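**Student:** Before I ask anything, let me first share the structure, which is written out below as structure tokens.
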Amino acid sequence: MENNAVYYGAYLQLEKIIEAQDPESFKEGKTPAHDEMLFIIIHQAYELWFKQILFEVNSVIDIMCKPALNDNSPEMQTVVHRLKRVTTILKVLVQQIDIMETMTPMDFLDFRDMLRPASGFQSWQFKELEAKLGLKFEQRHGKEYYTAQLRQEHVDVIKNAEGSKSVLQLLNGWLERMPFLKEGADTSFWENYRKIYGSSLADAEKNNLTGFEEIFNDSSPGNDRSLSPEACRAALFIMLYRGYPLLQLPFQLLNYLLEIDEQLSSWRYRHMNMVHRMIGTRIGTGGSTGKDYLKAAADKHYIFREIAQLNSFLIERRKLPALGHDIEKKLGFVS
Ligand code: HEM
């Protein structure tokens, strides 16, 4: 074949990838541990997928950074489509734990000590992804500890991600700008909605009305929240009236963000259980308390929890206040 034709291996730089496994236990003077190859390849596969997810998330951020993103535009479709892809990759990442679990704890012990102090804890791409999605430093379990084991250049990657606009912040801005909210759902709409919601609560749930006030009306500074009251009202409106054509994509956007949180959480729990099974209650090679550390991080690191929480404030479809004729027209296909 011609030398200058695009060649499969060169295009994919396969020589670099296929030569990129160098198990510690295979080195001179050591006893080769068969499963170390699997251990390396599975981590490499994860890191490649993290790279792809970051690529998608960065492109979503670029689109959402635009000051005037039209809900009815192809760009919104692109955002939703790429987030769906992220959730699909995450599902594969959760399943890949099955492959890791074909390694037994004794197989792992054959090379575990040779890895110290390296650990998945040093995966800067994973932490960058959390930050790009919207996990803030203040919400991290263990605070400073999460970067303590990283080289400065990788700490910088994460700090840069934390200092730039996250998906969650951009979502807040986008929801606040939602055009129909002011016309379709003014103060009287929300007063009426609050009444209907209040009457749907069981006696033991009456406290939810205080939560309703805090989430949808309390804009006092110092609240530890990422979504403002206006943004929360817009998100609830989208969830309630998602049957209207113009709200379908916005609804899918919210739904995929919840799916991302759910898949990331599934990964964390599966990883944590695998760790428990593999090393019991021993500390991790990265020096953390191991399973206990992972459990606390899994419980705390939900990024889109404020969207999930809005589902506590839904009412039955048949009780939804009817929308005015003008706004109904705007939300339809033909306006
Ligand atoms: C035998 C298999 C594995 C064991 C025993 C294990 C163990 C651990 C432990 C104990 C930690 C906590 C930090 C520490 O003290 O080291 C950790 C963190 C982590 N591991 Fe693994 N791990 C395994 C496989 C994997 C794989 C395949 C990945 C894929 C990339 C991975 C990614 C991570 C990440 C991203 C963290 C940081 C989690 C966070 O800070 O919330 N681990 N791992």
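The values are calculated or read from the model by the stated rules, or taken from the named source; none is laboratory data. Keep in mind the model is a prediction, meaning the values are calculated, not measured. Note that each Cβ is placed from the backbone with ideal geometry, even for glycine, and that neighbours are counted across all protein chains shown. Remember, those area values only see protein heavy atoms, side chains included, never the ligands or the DNA or RNA. Shrake-Rupley method; radii C 1.70, N 1.55, O 1.52, S 1.80 Å.
**Student:** Once phi is turned into ³J(HN,Hα) by the Karplus curve 6.51 cos²θ - 1.76 cosθ + 1.60 with θ = phi - 60°, what whole-Hz value does each residue of the stretch 79-86 show in order, with x for glycine and proline?
**Tutor:** 4, 5, 4, 6, 5, 4, 4, 4
**Student:** For the chain, with a Gaussian network of springs between Cα atoms less than 10 Å apart, report the residue from 179, 67, 221 with the top mean-square fluctuation.
**Tutor:** 221
**Student:** Starting from the exponent 0.38 and prefactor 2.2 Å, build the expected Rg for the stretch 140-280 from its residue count and divide its actual Cα Rg by it.
**Tutor:** Its radius of gyration relative to the 2.2 N^0.38 Å reference: 1.36.
**Student:** Sticking with this one: What is the spread of the Cα atoms of the stretch 19-154 along each of their three principal axes, largest first, in whole Å?
**Tutor:** Its Cα atoms span 63, 30, 25 Å along the three principal axes.
**Student:** To continue, here is another question. Given points 7 Å out from each Cα along the Cα-Cβ axis, report the residue 62 to residue 207 separation in nanometres with one decimal.
**Tutor:** If labels sit at residue 62 and residue 207, their model points lie 4.7 nm apart.
**Student:** Could you tell me what percent of the accessible area of the stretch 42-178 is made up of carbon and sulfur, with a 1.4 Å probe and every protein chain present?
**Tutor:** Here it works out to 56 percent.
**Student:** With viscosity set to 1.002 mPa s and temperature to 20 °C, compute the Stokes-Einstein D of the stretch 224-286, Rh being the Kirkwood radius across alpha carbon pairs; µm²/s, no decimals.
**Tutor:** In µm²/s, the coefficient is 146.
**Student:** Also: If the viscosity is 1.306 mPa s and the temperature 10 °C, what Stokes-Einstein diffusion coefficient in µm²/s follows for the stretch 122-215 when Rh is the Kirkwood radius over Cα pairs?
**Tutor:** For the chosen part, D equals 95 µm²/s.
**Student:** In the stretch 25-57, which trypsin sites (Lys or Arg not before Pro) are in a loop and have at most 15 other Cβ atoms within 10 Å, using DSSP for the loop call?
**Tutor:** Passing both the DSSP loop test and the Cβ count: 27, 30.
**Student:** On to the next question. Rounded to the nearest angstrom and ordered from largest down, what semi-axes does the equivalent ellipsoid of the stretch 91-144 get from its C-alpha gyration tensor (root of 5λ)?
**Tutor:** Equivalent-ellipsoid dimensions as semi-axes: 27, 17, 9 Å.
**Student:** Kindly provide the helix-only [θ] at 222 nm of the chain, computed as the sum of -39,500 (n - 2.57) over DSSP H runs of four or more divided by all residues, to the nearest 500 deg cm²/dmol?
**Tutor:** My calculation for the chain gives -18500 deg cm²/dmol from helical runs alone.
**Student:** Divide the volume of the convex hull of the Cα atoms of the stretch 1-88 by its number of residues and quote the answer in cubic angstrom per residue.
**Tutor:** So the per-residue Cα hull volume is 173 Å³.
**Student:** What accessible surface, in Å², does a 1.4 Å probe find on residue 14, ignoring ligands, DNA and RNA and rounding to the nearest 10?
**Tutor:** My reading of the accessible area for residue 14 is about 50 Å².
**Student:** Can you work out ³J(HN,Hα) from phi for every residue in the stretch 256-272, in order, using Karplus 6.51 cos²θ - 1.76 cosθ + 1.60 and θ = phi - 60°, giving whole Hz and x for Gly and Pro?
**Tutor:** Result, ordered by residue: 5, 5, 5, 5, 4, 4, 5, 5, 4, 5, 4, 4, 4, 5, 5, 4, 4 Hz.
**Student:** Considering every Cα-Cα pair within the chain, what fraction, in whole percent, is farther apart than 26 Å?
**Tutor:** 58 percent
**Student:** What fraction of the Cα pairs in the stretch 280-331, stated in percent, has a spacing above 13 angstrom?
**Tutor:** 75 percent
**Student:** Using label points projected 7 Å from each Cα along Cα→Cβ, tell me how many nm separate residue 113 and residue 187, to one decimal.
**Tutor:** About 7.2 nm separates the two model spin labels.
**Student:** Go through 107, 292, 224 and list them by solvent-accessible area, largest first, probe radius 1.4 Å.
**Tutor:** These residues rank, largest area first, as 224, 292, 107.
**Student:** Could you sort 82, 282 by accessible area so the largest value comes first, with the probe set to 1.4 Å?
**Tutor:** Greatest to least solvent exposure: 282, 82.
**Student:** Given labels modelled 7 Å from the Cα in the Cβ direction, how far is it in nm from residue 73 to residue 289?
**Tutor:** So the label points at residue 73 and residue 289 sit 4.8 nm apart.
**Student:** Determine, from the Cβ-Cβ distance of residue 16 and residue 106 and an R0 of 35 Å, the FRET efficiency 1/(1 + (r/R0)^6), rounded to the nearest 0.05.
**Tutor:** For R0 = 35 Å, the calculated efficiency reads 0.60.
**Student:** Ranked highest first by the average count of other Cβ atoms within 10 Å around their residues, in what order do 6-12, 108-114 fall?
**Tutor:** So the peptides 6-12, 108-114, ranked by packing, come out 108-114, 6-12.
**Student:** Tell me, how many Å apart are the Cα centres for the stretch 173-243 and for the stretch 54-110?
**Tutor:** 29 Å
**Student:** Oh, and also: Please work out the FRET efficiency for the pair residue 123 and residue 194, using the Cβ-Cβ distance as r and a Förster radius of 51 Å; give the result to the nearest 0.05.
**Tutor:** FRET efficiency, residue 123 to residue 194: 0.70.
**Student:** If you count only protein heavy atoms and use a 1.4 Å probe, how large is the accessible surface of residue 46, to the nearest 10 Å²?
**Tutor:** Near enough 30 Å² of accessible area.
**Student:** May I ask you to evaluate 6.51 cos²θ - 1.76 cosθ + 1.60, the Karplus curve with θ = phi - 60°, for each residue of the stretch 224-240 and list the ³J(HN,Hα) values in order in whole Hz, giving x for glycine and proline?
**Tutor:** Values per residue, Gly and Pro as x: 7, 9, 9, 9, 6, x, 4, 4, 5, 5, 4, 5, 5, 4, 4, 5, 6 Hz.
**Student:** On to the next question. Distance from the Cα centre of the stretch 284-325 to that of the stretch 256-278, in angstrom?
**Tutor:** If you average the Cα positions of each part, the centres end up 14 Å apart.
**Student:** Please check: in the Gaussian network model of the chain (C-alpha springs, under 10 Å), which one of 37, 178, 272 has the largest mean-square fluctuation.
**Tutor:** Fluctuation is largest for 37.
**Student:** If exposed means no more than 10 neighbouring beta carbons inside 10 Å and the site is in a DSSP loop, what's the longest run of the chain without any exposed GluC sites (Glu not before Pro)?
**Tutor:** 29-315
**Student:** When the convex hull of the Cα atoms of the stretch 228-328 is projected onto a plane and the area is averaged over all directions, what value comes out in nm²?
**Tutor:** Spelled out: convex hull of the Cα atoms, projected over all directions, averaged, 8.7 nm².
**Student:** Another question, then. Which of the trypsin sites (Lys or Arg not before Pro) across the stretch 157-207 are loop residues per DSSP, with 16 or fewer other Cβ within 10 Å?
**Tutor:** Sparse-neighbourhood loop trypsin sites (Lys or Arg not before Pro): 165, 177, 206.
**Student:** Just the accessible area per residue of the chain, please: how many Å² with a 1.4 Å probe?
**Tutor:** Accessible area per residue: 55 Å².
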